[in-house]
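Each value in this text was obtained by applying a stated rule to the coordinates, not by laboratory testing. Note that the coordinates shown come from a computational prediction; the quantities given were computed from them, not determined experimentally. With ideal geometry, Cβ positions are generated from the backbone for all residues, glycine too; neighbour counts draw on all protein chains shown.
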Amino acid sequence: MIHRSKQYLIDDLSIHESWRLFKIMSEIVDGFENLSEIGPAVSVFGSARVQPGEPLYQKTEQLSKALSQAGFSVITGGGPGLMEAGNKGAFENDGESIGLHIHLPMEQKNNQYLNIKSEFRYFFIRKLMFIKYALAYVALPGGYGTLDELSEALVLIQTHRIKPFPIVLFGSEYWAGLIEWFRTQMVTNGFCKAEDLDLFMVTDDVDEVVSHIRKHVIV
């Protein structure tokens, strides 16, 4: 078996991989240009599988409307479900509604309630935009994608890579099991500190979300 020194890894970059680097840079530049002039914003995450008319969809609309009335732009993934509800609440209140749309194998279309949209093929660039242009996070019930976006913010704040900002877990019943696991497994076994659980708050109340964010963020 031939051992190849790491100093020659550059030789392994194919033309296809080289062009991918340019695509990545282009996507970052496009994101910066599209979002550079938005107002103070809150990133809102949640499931794409919740249908219009369901209680959680309606609650998310109310939340987004309240954030918009408080002077915040609303950023979502730009898709259906709770993303749509988040955009709709801001859009119909004449607020700034932003969608960061990701291209997926199962084509997920943009929702219709967007003032500004930006297209992405790479999740890590999309997450960069969620972080860079948000002053706060609201995590609604969702799946792996929601957990990924939530974890990204928590670890960046925990490791002091970004300035602390408000993180709200909306839906106490939904998040209760995960938070209990944080306490009984991560904290108990020394994988994180008890004070790391203070990086977020949990609530079911729309007004409390807005109040908490306004308390920590000056618009």
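Only DSSP H runs of four or more residues enter the estimate; each adds -39500 (n - 2.57), and after division by the residues of the chain the mean residue ellipticity at 222 nm equals -13500 deg cm²/dmol.
The Cα atoms of the chain give a gyration tensor whose axes a ≥ b ≥ c have a/c of 1.5 or more with a/b no greater than b/c, which makes the shape oblate. Rounded to the nearest 10 degrees, the angle from helix 15-35 to the longest Cα principal axis of the chain is 30 degrees.
Taking only alpha carbon atoms, region 158-209 gives an Rg to Rh ratio of 1.00, where Rh is the Kirkwood radius. At full extension, Tyr144 and Asn93 could sit 15.4 nm farther apart than now, given 0.36 nm per residue minus the alpha carbon distance. Cross-link partners of Lys127 among lysines, defined as those whose alpha carbon lies under 29 angstrom from its own and excluding same-chain residues fewer than eight positions apart: Lys23, Lys59, Lys65, Lys88, Lys109, Lys117, Lys163, Lys193, Lys215. Report, in degrees rounded to the nearest 10, the 0 to 90 angle that the Cα long axis of helix 144-158 makes with the longest principal axis of the chain. For 144-158 against the chain, the angle is about 90 degrees.
Based on C-alpha pairs under 8 angstrom that are at least 6 apart in sequence, the chain has a relative contact order of 18 percent. Compared with the dominant Cα axis of the chain, that is its longest principal axis, helix 172-181 is turned about 50°.
Computed from the Kirkwood radius of its Cα pairs, the Stokes-Einstein diffusion coefficient for region 83-195 at 25 °C and 0.890 mPa s stands at 155 µm²/s. Working from label points 7 Å from Cα in the Cα-to-Cβ sense, the Thr188 to Ile116 distance is 4.5 nm. Given R₀ = 30 Å, FRET efficiency for Met201-Met106 by Cβ-Cβ distance, to 0.05? Plugging the Cβ-Cβ distance into 1/(1 + (r/R0)^6) gives 0.35.
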